[in-house]
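Encoded as structure tokens, the structure appears first; notes follow it.
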Amino acid sequence: CHWCQKLDPIWKSAGEVLKNRGAAITLPKVECTKDTSLCQEHQVHALPTIQLFHNGHLVPPNYRGPRTVNDLVHFAENAAVSKKKAEEAKVANKGKTRSDVGCSVSGHLLVHRVPGSVQFSVKSGEHNFNREHINFTHVVHHFSFNSVPESWEQMLAVMEDDSHRALVSKWYGRNFNSPKDHVVHEHYLKVVQTLTRPLGLSSEKQMYEHTISSHSYVSEQLAHVRFHYDLSPMQVVKEWKRRPFYEFITNLLALIGGTFTVMGIVNEAYNGVVAKARMGKLG
């Protein structure tokens, strides 16, 4: 691991400083390629990962600060403060459980009216990731295309509008699982602009409906999720218009005239059959 090798001399120097100061804390290291089960037990997914332990118990969260000798020494010397904060957080969250795992991502992007893609993946300038532990199982709660909002509040209102969400696409709430390692998820969206012009004084409404097809496969790449979108140059216009009253009258008269015509044909046929029967010419 390049980043582990880069951290190693800094880690050793910080340990020497703490030892010379007589600090009651040491800086050991674990080789995850050898102690695989230990790293899995403590959910080490990126290398290097710096964790604080007290009497064999993990003190969250993981260290995410700068990796310099001074910063590491400061973190170690303030380990008691970190432990106290972790205990306070544990007491505050006692009894609170979450049914979901992972993270939640929300926001919006400004894109051009040309085909493109949006990708969700893991990336760090200071870590190497354990590919075996990266899982992109996900649920899509909202994904839509809209005109540029005038404010964040307006965008939030669109995102929370269940009726709008049900109109623009039918794929919300679908769960995309990664049953194996190294699974890449690709979603392909065909977007069509739809303009609705209702009756009366209601203003016209513009939305971007889309269809979706998905594909998941095992890849040598780092697991990720990618949304490909293609905006159609065509536009669908839905317009409601009132029919003029004379058209109703014309259709009504046509219906009445047609009814009388059919009744006349049936009556004439019936009379013909009755006349032949009386003359004994049937059969």
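The values are calculated or read from the model by the stated rules, or taken from the named source; none is laboratory data. Computed from a prediction, not measured in an experiment: that's the story for all the values here. Heads up, the Cβs are rebuilt from the backbone with ideal geometry, glycines too, and the neighbour counts pull from every protein chain shown. Note: areas computed on protein heavy atoms with side chains; ligands, DNA, RNA excluded. Shrake-Rupley method; radii C 1.70, N 1.55, O 1.52, S 1.80 Å.
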The number of residues in the stretch 123-156 that are open to solvent by 50 Å² or more (accessible area, probe 1.4 Å) and of a type in the set (V, I, T) is 3
Result of the Cβ filter at 9 Å on the stretch 3-31, keeping first residues that are of a type in the set (G, A, S) and partners that are outside any helix (DSSP H, G or I) and surrounded by 13 or more Cβ atoms within 10 Å (Cβ to Cβ), at least 6 apart or interchain, is A14/L27; G15/L27
Quiz item: Among the residues of the stretch 196-208, is any over 18 Å from S117 (Cα atoms), open to solvent by less than 80 Å² (accessible area, probe 1.4 Å), assigned to a strand (DSSP E or B) and at pLDDT 85 or above?
Solution: no
* Asked: Residue check: is Y229 touching a Phe, Trp or Tyr at 6+ places or on another chain (Cβ under 8 Å), surrounded by 10 or more Cβ atoms within 10 Å (Cβ to Cβ) and among the aromatic types (F, W, Y)?
  -> yes
Counting only residues in the stretch 39-78 that are over 18 Å from E16 (Cα atoms) and of a type in the set (G, A, S), the one farthest from the chain's Cα centre (by Cα) is identified as G56
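Search the stretch 1-39 for residues being hydroxyl-bearing (S, T, Y) and in a loop (DSSP other than H, G, I, E, B), and hand back the single one that is farthest from D71 (Cα to Cα). Break it down into steps so the answer makes sense when it comes.
Initial filter on the stretch 1-39 (hydroxyl-bearing (S, T, Y)): 13, 26, 33, 36-37.
Now restrict to residues that are in a loop (DSSP other than H, G, I, E, B): 26, 33.
Numbers: T26: 15, T33: 27 Å.
Checked the stretch 1-39; the qualifying residue farthest from D71 (Cα to Cα) is T33.
Does H112 meet the test of being under 30 Å from S147 (Cα atoms) and at pLDDT 80 or above?
Details: under 30 Å from S147 (Cα atoms): yes; at pLDDT 80 or above: yes.
It is true that H112 is under 30 Å from S147 (Cα atoms) and at pLDDT 80 or above.
Out of contact with any Gly (no Cβ under 7 Å at 6 or more places or on another chain) and loosely packed, with under 11 Cβ neighbours inside 10 Å: does that describe L252? Spell out the reasoning first.
Numbers: out of contact with any Gly (no Cβ under 7 Å at 6 or more places or on another chain): yes; loosely packed, with under 11 Cβ neighbours inside 10 Å: yes.
Yes: the conditions hold for L252.
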For the stretch 76-94, indicate whether the set of residues that are of a type outside the set (G, A, S), open to solvent by 90 Å² or more (accessible area, probe 1.4 Å), more than 24 Å from V183 (Cα to Cα) and at pLDDT 70 or above is non-empty. yes
(1) within 30 Å of S178 (Cβ to Cβ); (2) modelled with pLDDT of 85 or more; (3) touching a helix residue (DSSP H, G or I) at 6+ places or on another chain (Cβ under 6 Å) all hold for V69 apart from (1)
Checked against (1) open to solvent by 90 Å² or more (accessible area, probe 1.4 Å); (2) charged (D, E, K, R); (3) over 30 Å from M159 (Cα atoms), E239 satisfies every condition except (3)
Here the qualifying pairs (Cβ atoms under 6 Å; residues six or more apart or on different chains; first in the stretch 232-251 and farther than 30 Å from M207 by Cβ and in a strand (DSSP E or B); second among the polar types (S, T, N, Q) and open to solvent by 70 Å² or more (accessible area, probe 1.4 Å)) come out as none
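Tell me, please, whether a residue that is part of a loop (DSSP other than H, G, I, E, B), closer than 20 Å to D71 by Cβ and either touching a helix residue (DSSP H, G or I) at 6+ places or on another chain (Cβ under 9 Å) or modelled with pLDDT under 80 (or both) can be found in the stretch 40-48. Show your work before the answer.
Taking the stretch 40-48 and keeping what is part of a loop (DSSP other than H, G, I, E, B), we get 42-45, 48.
Filter once more, so that each one left must be closer than 20 Å to D71 by Cβ: 48.
From what is left, the residues that are either touching a helix residue (DSSP H, G or I) at 6+ places or on another chain (Cβ under 9 Å) or modelled with pLDDT under 80 (or both) are 48.
Scanning the stretch 40-48 turns up at least one residue that is part of a loop (DSSP other than H, G, I, E, B), closer than 20 Å to D71 by Cβ and either touching a helix residue (DSSP H, G or I) at 6+ places or on another chain (Cβ under 9 Å) or modelled with pLDDT under 80 (or both).
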Residue set V184, V192, V218, V225; condition aliphatic (A, V, I, L, M) and within 17 Å of N146 (Cα to Cα); output residue V192
